[in-house]
Amino acid sequence: MESPRRLIHGASSDRAVSALFVVVLIVQLVLGACYRHLHGHSDSTEGLLYPAWALYGHAMNATLVLIVGAVCAFKCWGNHRDIPVVRRTGVMILVLIGIQLLLGVVTLIVVLLRRDAEIPIYEVIITTAHQATGALLLASAVLLLAWNSRLLQSGPEEATPGAEFIVQPRA
């Protein structure tokens, strides 16, 4: 059964924030992958050399992920209580952001404390959990963008040109 689109004031801003959240998460993913895969070996006994720009970029962009994600999730959780799937997705994103932030800090500590090329099992577990949670967060953000695009319709003052040609689902 198809759910009808709901006319909601501010729906276009909800879609825009959801889209921005997806973009910020993709940038975060790229920076994290650069940090993980663009390292080299040191000639001294200090172990691996990691690209500082990727680490700092990943850490700074994490702040942006936190802010944009929290705004996006709180908007969906607070403004759309009558649309359960959007509200639940917003809550899920808030929970995942908290878990990801905690795992990110622990991952940073564990990776920076390692001095040799051999990776201990606890580091593998923590970094894998951080990456898996990031994947869940990205999937949830894409899901929220899809739900916002599917279920929310802008009010008349926000209508886009050509909106009268949008086919509405039958009740």
Q: Evaluate the stretch 67-74: report whether one residue or more is free of Cβ contacts under 8 Å to residues at least 60 places away in the same chain, open to solvent by 80 Å² or more (accessible area, probe 1.4 Å) and either touching a strand residue (DSSP E or B) at 6+ places or on another chain (Cβ under 9 Å) or closer than 30 Å to N148 by Cβ (or both).
A: yes
Q: Tally the residues that are surrounded by fewer than 19 Cβ atoms within 10 Å (Cβ to Cβ), at pLDDT 80 or above and small (G, A, S), restricting the search to the stretch 112-148.
A: 5
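Residue by residue, here is whether (1) touching a strand residue (DSSP E or B) at 6+ places or on another chain (Cβ under 9 Å); (2) modelled with pLDDT under 95; (3) open to solvent by less than 70 Å² (accessible area, probe 1.4 Å) holds:
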| residue | (1), (2), (3) |
| --- | --- |
| A59 | no, yes, yes |
| G78 | no, yes, yes |
| I99 | no, no, no |
| V106 | no, no, yes |
(Q) If I filter the stretch 28-55 down to residues being modelled with pLDDT of 90 or more and open to solvent by 70 Å² or more (accessible area, probe 1.4 Å), which single residue comes out as farthest from the chain's Cα centre (by Cα)? (A) V30
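Name the residue, out of V24, V17, that is modelled with pLDDT of 85 or more and farther than 17 Å from Q100 by Cβ.
V17 is the lone residue from the list that is modelled with pLDDT of 85 or more and farther than 17 Å from Q100 by Cβ.
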**Q.** Positions within the stretch 70-113 being under 13 Å from the mean Cα position of the chain (by Cα) and among the polar types (S, T, N, Q), in sequence order
**A.** T89, Q100
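The values are calculated or read from the model by the stated rules, or taken from the named source; none is laboratory data. Predicted model only: the values in this text are computed from it and were never measured. Because the Cβ atoms are built from the backbone with ideal geometry, glycine has one as well, and the counts that use them run over all protein chains shown. SASA here: full protein model, heavy atoms, side chains in, ligands and nucleic acids out. Shrake-Rupley method; radii C 1.70, N 1.55, O 1.52, S 1.80 Å.
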